[in-house]
Amino acid sequence: MNESLLSTSVEAPGEDESPLLEVRSLGTQIADAVRQDILLGRLRPGEAVSQEKLCARYRISRTPVRDALRRLASEGLVVNEGRRVVVAHVTVSDIDDSFAVTALLHERAARRATRNASASDLDELERLHGAMMAKAAAGDLQHVADLNWQFHRKINLLANSPKLLAMMRTVSLSIPRNYLVDMPQDELARSHSEHEQIIAAMRRGDVAEVETLSRKHVEQAGKRLVARFVETGLLPDEDFTAASKSRQRAEQ
């Protein structure tokens, strides 16, 4: 079991310290942490998720751990095998579907955000983008991932649509928030370039261009994540190849 389950959202504890848990419920935090490890390949398909180890790691009772595992089971990320809970097998299609739906939601949100954004809103997006670039140059990829989330959250909030936000929250559970932490520098650079293009199009008020850029940005993120999963062995190469061919036929 990964000994840094909450390291994606809080500082790693000292040797004799338990992880610092946030205001959210314990069950939610444990679910978020285990979900990240599953989606980023730190916990492999078929690997057991031990209640005992999670309880010991966070020095908590079984109740929030059970709550977390029930939540993950409802999302299809873990399954019960007799008396054990194990990581379910994630397919390329699962990831493709999640990113495809997310891309459409981001496209719609970006359209509304472009119409609603003030000059100060766009300046804030520029600030977040600049901070991302600085953290990337310093090799602080955890902060890059956090700032990336804030960047897209800002655009989504500018859409001023509670319905869109609710749908995004549901779909985003299947997408690791911190996947940029494990991305190579050239992929990060490509993502930064796409952010620059989105901000520039928003400043021009080019709604159609913002829609296209936002949709493609999320779609490309999905392709990069799948490629990363294949590289690390989380997904079989033949699964990736078959899905790529199917996607290419659909685009023709």
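The values are calculated or read from the model by the stated rules, or taken from the named source; none is laboratory data. Source: prediction; values computed, not measured. Cβ sites come from the backbone with ideal geometry, for glycine too, and all protein chains shown count toward neighbours.
Of the residues in the stretch 130-140, none is closer than 18 Å to residue 106 by Cα and either at pLDDT 95 or above or in a helix (DSSP H, G or I) (or both). Please verify whether the stretch 35-50 includes one or more residues that are modelled with pLDDT of 85 or more, of a type in the set (S, T, N, Q) and under 17 Å from residue 69 (Cα atoms). Yes, the stretch 35-50 has at least one match. If the condition is being surrounded by fewer than 17 Cβ atoms within 10 Å (Cβ to Cβ) and either within 15 Å of residue 189 (Cβ to Cβ) or touching a residue at least 24 places away in the same chain (Cβ under 8 Å) (or both), then the stretch 134-153 contributes 134, 137, 138, 139, 142, 149. Return a yes/no flag: does the stretch 173-184 have any residue that is surrounded by 15 or more Cβ atoms within 10 Å (Cβ to Cβ), among the hydroxyl-bearing types (Ser, Thr, Tyr) and more than 12 Å from the chain's Cα centre (by Cα). No, the stretch 173-184 contains no residue that is surrounded by 15 or more Cβ atoms within 10 Å (Cβ to Cβ), among the hydroxyl-bearing types (Ser, Thr, Tyr) and more than 12 Å from the chain's Cα centre (by Cα). Just one residue in the set 4, 93 is more than 30 Å from residue 199 (Cα to Cα), at pLDDT 80 or above and surrounded by fewer than 21 Cβ atoms within 10 Å (Cβ to Cβ); that residue is 93. Scanning the stretch 55-68 for residues that are surrounded by 14 or more Cβ atoms within 10 Å (Cβ to Cβ) and more than 17 Å from residue 174 (Cβ to Cβ) turns up 55, 57, 58, 60, 64, 65, 66, 67. For residue 86, the conditions (1) outside any strand (DSSP E or B); (2) surrounded by 15 or more Cβ atoms within 10 Å (Cβ to Cβ) are fulfilled apart from (1).
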